[in-house]
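Working notes for the structure below.
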Number of protein chains: 2
Amino acid sequence: MEKGYVHVYTGNGKGKTTAALGLSIRAVCAGKKVFFGQFVKGMEYSELKCAEFIGNLDIEKFGRRCFIYEEPSEEDIEAARKGLEKMGSILKTGDYDMVVMDELNIALYFKLFTVEEALEAIKGRAPEVEVVITGRYAPKEIIDVADLVTEMKDIKHYYYNGVEARQGIEF
Amino acid sequence: MEKGYVHVYTGNGKGKTTAALGLSIRAVCAGKKVFFGQFVKGMEYSELKCAEFIGNLDIEKFGRRCFIYEEPSEEDIEAARKGLEKMGSILKTGDYDMVVMDELNIALYFKLFTVEEALEAIKGRAPEVEVVITGRYAPKEIIDVADLVTEMKDIKHYYYNGVEARQGIEF
């Protein structure tokens with residue numbers, strides 16, 4: 001069986017979760033099975049609907065909302081910890097060929113769990129599983145464990161021109 | 001009808017075409033119709049299979065191979081020009097809500113057509129169409145016409161450790 005690698009997509013630019021979604025679809029098209037777990041995000045992303053009509057792609061969210069302006073609550077922490085636990089056990093069994101830990105870096109940034117706990121899940125994976133981690137502010141420990149790191153750099157963004165997030169494009 | 005914007009995903013890191021694929025899937029999940037045109041690339045990418053089982057996503061390639069080590073031939077140029085012509089007419093009609101011009105920047109870098117010809121296609125679009133352009137070496141004129149630009153920066157890549165492109169991950 002081939003070795004699986006760890007990807008990290010970080011930085012302040014658009015395209016991190018989107019790239020993880022693209023990787024997932026490509027993997028599914030190649031006959032692989034993908035688990036796409038989302039931390040932090042609570043809103044209804046269009047991609048959540050994908051799993052309904054694409055076989056071998058399971059998407060689950062373990063977040064309640066984006067707490068950009070306030071502290072995470074106990075419930076937020078609990079949702080994230082439940083997500084990490086589930087992803088950890090999925091990683092261990094190797095039932096999925098690819099596991100996406102969407103916004104893991106943000107969960108770490110808000111200290112919903114520790115980087116040691118995240119590393120335990122990642123390092124404890126069945127060796128053939130490909131892991132995809134997204135979110136800005138990737139900590140050094142996550143960069144160190146990764147085989148591939150891309151920084152998405154915001155060069156120009158229409159948000160600054162007042163364009164709001166649109167369904168089917170941003171979510 | 002909402003205005004459509006121009007995205008550019010450039011830089012030397014992994015995730016550009018992948019992000020465009022993710023955007024396409026998200027758009028399809030939200031009920032939009034997507035045309036995904038690929039310049040330069042000639043190989044059989046797994047995502048080409050997506051279109052077979054995902055409605056409202058049409059993928060077509062207008063390349064014959066990656067000519068990294070040699071000059072493009074007349075046939076390469078012809079394939080690319082045919083692609084630009086088709087995308088230009090699709091952009092104009094507005095039949096698709098999103099048009100991906102995958103590796104447009106590479107086609108420009110290899111002078112398969114001029115930046116003026118590319119700009120004519122992009123600027124001549126029906127105003128509601130969202131345009132997604134990928135490829136490293138985005139020229140200034142393409143950056144200028146874009147509403148959103150993300151640079152994918154290669155921070156760490158497993159290619160340097162001898163990992164070869166894998167089906168379902170890179171293609």
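So how strong a dipole does the range B:56-171 carry about its Cα centre when Lys and Arg Cβ are +1 and Asp and Glu Cβ are -1, to the nearest 20 debye? Spell out each step's value before the answer.
Numbers: 15 positive and 25 negative charges, 50 e Å.
My answer is approximately 240 debye.
Other chains' Cβ within 10 Å of A:137-148 residues: what's the mean?
Working: counts 0, 1, 0, 0, 0, 0, 2, 1, 0, 3, 7, 13.
Partner-chain Cβ atoms within 10 Å, mean over residues of A:137-148: 2.
Packing-wise, with mean Cβ within 10 Å as the measure, how do A:85-93, B:26-34 rank, highest first? Could you put the intermediate results ahead of the total?
On the way: A:85-93: 16.7, B:26-34: 21.1.
My ranking of the peptides, most packed first, is B:26-34, A:85-93.
Which order do A:Phe171, B:Phe113 take when ranked by solvent-accessible area (1.4 Å probe, heavy atoms of all protein chains), largest first? Display every interim value, and only then the final one.
Working: A:Phe171 45, B:Phe113 10 Å².
Ranking A:Phe171, B:Phe113 by accessible area, largest first, yields A:Phe171, B:Phe113.
Give the average, rounded to an integer, of partner chain Cβ atoms located within 10 angstrom of each Cβ in B:123-131. Mind showing how you got there, number by number?
On the way: counts 0, 0, 0, 0, 0, 0, 0, 3, 0.
Neighbouring Cβ atoms belonging to other protein chains average 0 per residue here.
Could you work out the relative contact order of the range A:6-154? I mean the mean sequence separation of Cα pairs under 8 Å and 6+ apart, divided by the number of residues, in percent.
On the way: 292 pairs, mean separation 57.9, N = 149.
Contact order relative to length: 39 percent.
With a 1.4 Å probe on protein heavy atoms only, work out how much accessible surface B and A bury together, total over both chains, in Å² to the nearest 100. Write down the numbers at each step before the final one.
On the way: alone 9540 and 9580 Å², together 14870 Å².
For chain B against chain A, roughly 4200 Å² becomes buried.
Please label the shape of chain A as rounded, prolate or oblate, based on the square roots a ≥ b ≥ c of the eigenvalues of the alpha-carbon gyration tensor (a/c under 1.5 means rounded; beyond that, a/b larger than b/c means prolate, else oblate). Let's see the in-between values first.
On the way: a/c = 1.41, a/b = 1.20, b/c = 1.17.
Verdict is rounded for chain A.
Just by accessible area at a 1.4 angstrom probe, what is the order of A:Asp76, B:Asp58 from largest to smallest? Intermediate results must be reported in sequence, preceding the final value.
Working: A:Asp76 5, B:Asp58 65 Å².
Ranked from most to least accessible, the order is B:Asp58, A:Asp76.
Using a 1.4 Å probe and counting only protein heavy atoms, arrange A:Tyr96, B:Tyr159 so the residue with the most accessible area comes first. Each step should come with its number before you reach the end.
Details: A:Tyr96 30, B:Tyr159 100 Å².
Most to least solvent-accessible, the answer reads B:Tyr159, A:Tyr96.
Just to confirm my numbers, what's the Cα centroid distance between the range A:96-171 and the range B:6-29 in Å?
Each part's Cα centre sits 16 Å from the other's.
Give me the percent of DSSP beta bridges within the protein assembly as shown that run antiparallel, rounded to the nearest 5.
Details: 7 of 53 bridges.
The antiparallel proportion sits near 15 percent.
Using DSSP, restrict attention to beta bridges with both residues in the range B:6-154 and report what percent are antiparallel, rounded to the nearest 5.
Values: 0 of 23 bridges.
Restricted to the range B:6-154, the bridges split so that about 0 percent are antiparallel.
The values are calculated or read from the model by the stated rules, or taken from the named source; none is laboratory data. All figures in this text were calculated on a predicted structure; none of them were measured in a lab. Cβ sites come from the backbone with ideal geometry, for glycine too, and all protein chains shown count toward neighbours. These accessible areas exclude ligands, DNA and RNA; they are computed on the full protein's heavy atoms, side chains included. Shrake-Rupley method; radii C 1.70, N 1.55, O 1.52, S 1.80 Å.
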